[in-house]
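These notes concern the structure reproduced below.
The values are calculated or read from the model by the stated rules, or taken from the named source; none is laboratory data. In this text the structure is predicted, and so the values were computed from the model without any measurement. When we count neighbours, we look across all protein chains shown, and the Cβ atoms used for this are built from the backbone with ideal geometry, even at glycine. In case anyone asks, the SASA skips ligands and DNA or RNA and just uses the protein heavy atoms, side chains included. Shrake-Rupley method; radii C 1.70, N 1.55, O 1.52, S 1.80 Å.
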Amino acid sequence: MAASAAPDHLFNLRNNFYLGAYQAAINNSDLPNLSPDDAVERDSLVYRSYIALGSYQLVINEIDSSAATPLQAVKLLAQYLSSPDNKESTISSLKEWLADPAIGNNPILRLIAGIVFMHEQDYNEALKHTNAGGTMELHALNVQIFLKMHRSDYAERQLRMMQQVDEDHTLTQLANAWLNLSVGGSKIQEAYLIFQDFSEKYQMTSLILNGKAVCCMHMGNFDEAETLLLEALNKDAKDPETLANLVVCCLHLGKPPSRFLSQLKLSHPDHILVKRATSAEESFDRAVQSVA
């Protein structure tokens, strides 16, 4: 970085958000002397932290129609996630804004579009808006999308671009860990070391604990994984990834996973593990009926 570069006032706020320390991001967001652009980015990170904590209505209520485009985009994400009834109208508004030449290229709007279409599992539509990149968050989202499409070769290209910009960036390290987990084999140990490094440098979060736990499960260390996941559950009892990983971990340890699966069904009925479990139960019931 050039010696004359201005200090990055949002560095800690971004880092807290990227690593899942959402309450810390909110609590430490009162930053003085921000430029207008930095203030908008700060507000969008704070509101996205509230969204991550499930406080959709607060975001919807606080962002009014006079707010800047990035904040309007964040409000759309809150509306999309707040209720299944809102999905169609939200996606319709999103497509309208993306088609508007005045705002359609806004990086936060494109990022939110990528997140929404990834939720919809419409990966090609997501990539239409994110593939051009332009920010580290867009590149990191591209890595996630390509991994969901089982295209680790394309994900690796995105990671290389991120490494050229800033190899030590938190999102570069996270994307590297995601790719290593996807590739598997000897790369799992490398992913574990990345999450271990995060846990030594920063506040321990569910995201970091789940990262380490998934690495442990891949390496067959289910006891250690369970310890990490129970610690994550203490931090957030409704986190879907923690609950889903605990279900898998319990099955491998020969323990009943029903309590965690029940919690997951209640708090996240659309989770893929819930859908698979429900489908398996229905198949079993049908099989029983056919031989009854």
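Summary table
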| read-out | value |
| --- | --- |
| Members of segment 138-169 that are farther than 17 Å from Gln121 by Cβ, in a loop (DSSP other than H, G, I, E, B) and free of Cβ contacts under 8 Å to residues at least 24 places away in the same chain | Glu167, Asp168 |
| Qualifying positions in segment 240-268 - open to solvent by 30 Å² or more (accessible area, probe 1.4 Å), hydroxyl-bearing (Ser, Thr, Tyr) and within 20 Å of the chain's Cα centre (by Cα) | Ser267 |
| Segment 65-118 - residue that is among the hydroxyl-bearing types (Ser, Thr, Tyr) and assigned to a helix (DSSP H, G or I) and, of those, surrounded by the most Cβ atoms within 10 Å (Cβ to Cβ) | Tyr80 |
| All positions within segment 119-158 that are surrounded by fewer than 18 Cβ atoms within 10 Å (Cβ to Cβ) and of a type in the set (A, V, I, L, M, F, W, C) | Ala132, Met149 |
| Subset tally (residues that are modelled with pLDDT of 95 or more and part of a loop (DSSP other than H, G, I, E, B)) for segment 1-19 | 1 |
| Members of segment 177-195 that are farther than 15 Å from Leu228 by Cβ, part of a helix (DSSP H, G or I) and of a type in the set (Ser, Thr, Tyr) | Ser182 |
